[in-house]
Amino acid sequence: MDKTFKILCPTDFSECSLNAIEYATKLGEKYQADLVLFHVLNREDYEKLSPQDTSGKHQMAFVMGKLKNLQEAVLGEGIANGLKSCSTVVKEGSIVKQTLDFATEIDADLLVVGTEGVNDFRENMIGSRASRLVEKSDRDILVVPRKVYFRAPRKLVYASDYLEEDKVAIQKIVEVARFFDSEIDLVHVSSTHKALDKSLHLTMVEEIKPFVKYDKVNFVLKSYKDEVALGLENYLQTAKGDMLVTLSEKKSFFDQIFSKNLSKKMTYFINKPLWVIKSF
């Protein structure tokens, strides 16, 4: 019997987490998945949502009411379109730890989390919850910025670094692309202009093609003088990519993306969903 795909979506009821729920629901419909809306009780977040309850006496009732409303909205839209189920879970403790522990407990296939986008990535990324979840999760994770509302992706941009894992990752990406009839740009961004880059690229293309089994894939090699992350941002903008996909192994790439010193021009990239493939 095939295992049902499971999506875990943490929510603190903020705007950015609501966008994440929308993405989780739409993907859940396509995967015919079980979706779990997950909340970790947090006093600081609760005070922002309900400042009148200074004692926290009504926190649990408030949270359960919010989750029920979200669940009803998801079920009302998602079940008719293929979503298998939507449940809610509340835990207490550290948000990051509880989320990761529960993902392991239910054997989640994908985490979908919201982030504040430009401010969160540029100014607070090193210490943000989204960053820590990306860093510590052993499961695939989709990060959705606050200002990004769901639309069927026209193009997925996969940042390849010629790793053996690309052969498995591309199959996951193709599955999602088929859901939406999307194009895939498999892109390698280099900071040099050496002939060796082209030779390696051609070799990689020949090795990975047998694993693709999808017609709408473009293999692209781009060279930029700037940092690799900025080069990729430039490519996303010019190619009109709707989602960036990368592997967790690309540590130097993440160091650039999550750096507080990242160029302020890099706003296009951090206003697109980021899908980090972790599990193979």
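The values are calculated or read from the model by the stated rules, or taken from the named source; none is laboratory data. Source: prediction; values computed, not measured. Note that we place each Cβ from the backbone using ideal geometry, even for glycine, and neighbour counts take in every protein chain shown. Keep in mind that these areas ignore ligands, DNA and RNA; they rest on the heavy atoms of the full protein, side chains included. Shrake-Rupley method; radii C 1.70, N 1.55, O 1.52, S 1.80 Å.
Numerical summary
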{"read-out": "Wholly enclosed helices (runs of 4 or more DSSP H) of region 165-280 bearing at least 1 residues at pLDDT 80 or above and touching a strand residue (DSSP E or B) at 6+ places or on another chain (Cβ under 8 Å)", "value": "166-180, 195-208, 228-239"}
{"read-out": "Selection status of V148, buried (at least 17 other Cβ atoms within 10 Å of the Cβ) and assigned to a helix (DSSP H, G or I)", "value": "no"}
{"read-out": "Test: S128 is modelled with pLDDT under 90, more than 14 Å from the chain's Cα centre (by Cα) and under 24 Å from T25 (Cβ atoms)", "value": "yes"}
{"read-out": "Any chance K66 is in contact with an Asp or Glu (Cβ under 6 Å, 6 or more places away or on another chain) and open to solvent by 50 Å² or more (accessible area, probe 1.4 Å)", "value": "no"}
